[in-house]
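The values are calculated or read from the model by the stated rules, or taken from the named source; none is laboratory data. Keep in mind it's a predicted model, so treat the numbers as computed, not measured. Here the Cβ is made from the backbone with ideal geometry for all residues, glycine too, and neighbour counts use every protein chain on show.
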Amino acid sequence: MKLMALLDEVEQFIENSRRLPFTEKVIIDADQLLDYLDQIREALPSEMEEAKRIYRDREKIMKEAREEAEQLLEEARARMARMVENHEVSRQAQGMAEEVVAQARQIAREIRQGANEYADEVLKKIEEVLEQASANLEKSIATVKNGREELKKMKGHD
């Protein structure tokens with residue numbers, strides 16, 4: 001993920017910047033930091049597109065699961081119709097049809113549940129990445145603001 005790499009670079013940039021003597025303040029090259037922020041802004045839409053793609057994939061999986069369940073139900077109905085032809089077999093067919101329908105519903109539930117769990121895991125990972133990116137960005141901005149304040153104070157003492 002490009003966003004995480006950019007945030008790592010910003011972190012390295014801040015850690016490698018010169019420090020003001022006797023303080024924890026850092027002198028930051030504003031142009032370089034602004035360049036990093038521009039790159040992060042460019043990376044965010046691609047991360048969002050990835051989240052949308054995952055959501056679309058989830059929808060596709062859900063649709064396929066419904067279609068498969070419908071197909072299984074249709075097969076069960078067709079099988080039941082053929083078995084009704086014989087009265088003796090009719091009772092067996094009813095039981096088997098119900099079993100097939102129940103099995104089809106169970107399979108559909110499992111597929112739906114699996115698709116939902118997969119989508120939730122992926123979206124959770126993206127949410128964590130975006131939250132971390134936001135926290136790192138806020139930290140970087142605060143560091144820049146503090147650096148600027150220190151420069152203003154130093155400028156005022158000249």
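A few comments on the model shown:
- Out of Glu47, Glu68, Glu99, sole residue that is surrounded by 12 or more Cβ atoms within 10 Å (Cβ to Cβ) and farther than 23 Å from Lys124 by Cβ: Glu68
- Odd one out for Thr23 among (1) hydroxyl-bearing (Ser, Thr, Tyr); (2) in a helix (DSSP H, G or I); (3) closer than 25 Å to Leu151 by Cβ: (2)
- Close pairs from segment 95-119: first at negative phi and of a type in the set (Ser, Thr, Tyr), partner modelled with pLDDT under 90 and surrounded by 14 or more Cβ atoms within 10 Å (Cβ to Cβ), Cβ under 9 Å, at least 6 apart: Tyr118/Ile54; Tyr118/Asp57; Tyr118/Arg58; Tyr118/Ile61
- Test: Leu33 is of a type in the set (A, V, I, L, M) and closer than 28 Å to Met154 by Cα: yes
- So Leu34, is it part of a helix (DSSP H, G or I), loosely packed, with under 13 Cβ neighbours inside 10 Å and among the aliphatic types (A, V, I, L, M): yes
- Residue pairs meeting the criteria (Cβ under 6 Å; at least 6 apart or on separate chains; first over 15 Å from Val10 (Cβ atoms), in segment 138-156; second not hydrophobic (A, V, I, L, M, F, W, C)): Glu150/Lys25
- Filter result for the condition that a residue is over 26 Å from the mean Cα position of the chain (by Cα) and either closer than 30 Å to Ala76 by Cβ or modelled with pLDDT of 90 or more (or both), over Ala102, Ala142: Ala102
- Top-ranked residue of segment 71-96 - restricted to ones that are of a type in the set (S, T, N, Q) and modelled with pLDDT of 80 or more, ranked as surrounded by the most Cβ atoms within 10 Å (Cβ to Cβ): Gln94
- Restricting Ile61, Ile28 to residues that are surrounded by 16 or more Cβ atoms within 10 Å (Cβ to Cβ), touching a Gly at 6+ places or on another chain (Cβ under 6 Å) and not polar (S, T, N, Q) narrows the list to Ile28.
- Pair list, Cβ < 9 Å and 6+ apart or interchain, from segment 9-35 residues that are in contact (Cβ under 8 Å) with a residue 40 or more places away in the chain to residues that are surrounded by 14 or more Cβ atoms within 10 Å (Cβ to Cβ) and not in a helix (DSSP H, G or I): Ile14/Val26; Ile14/Ile28; Leu20/Val26; Val26/Ser17; Ile27/Ser17; Ile28/Ser17
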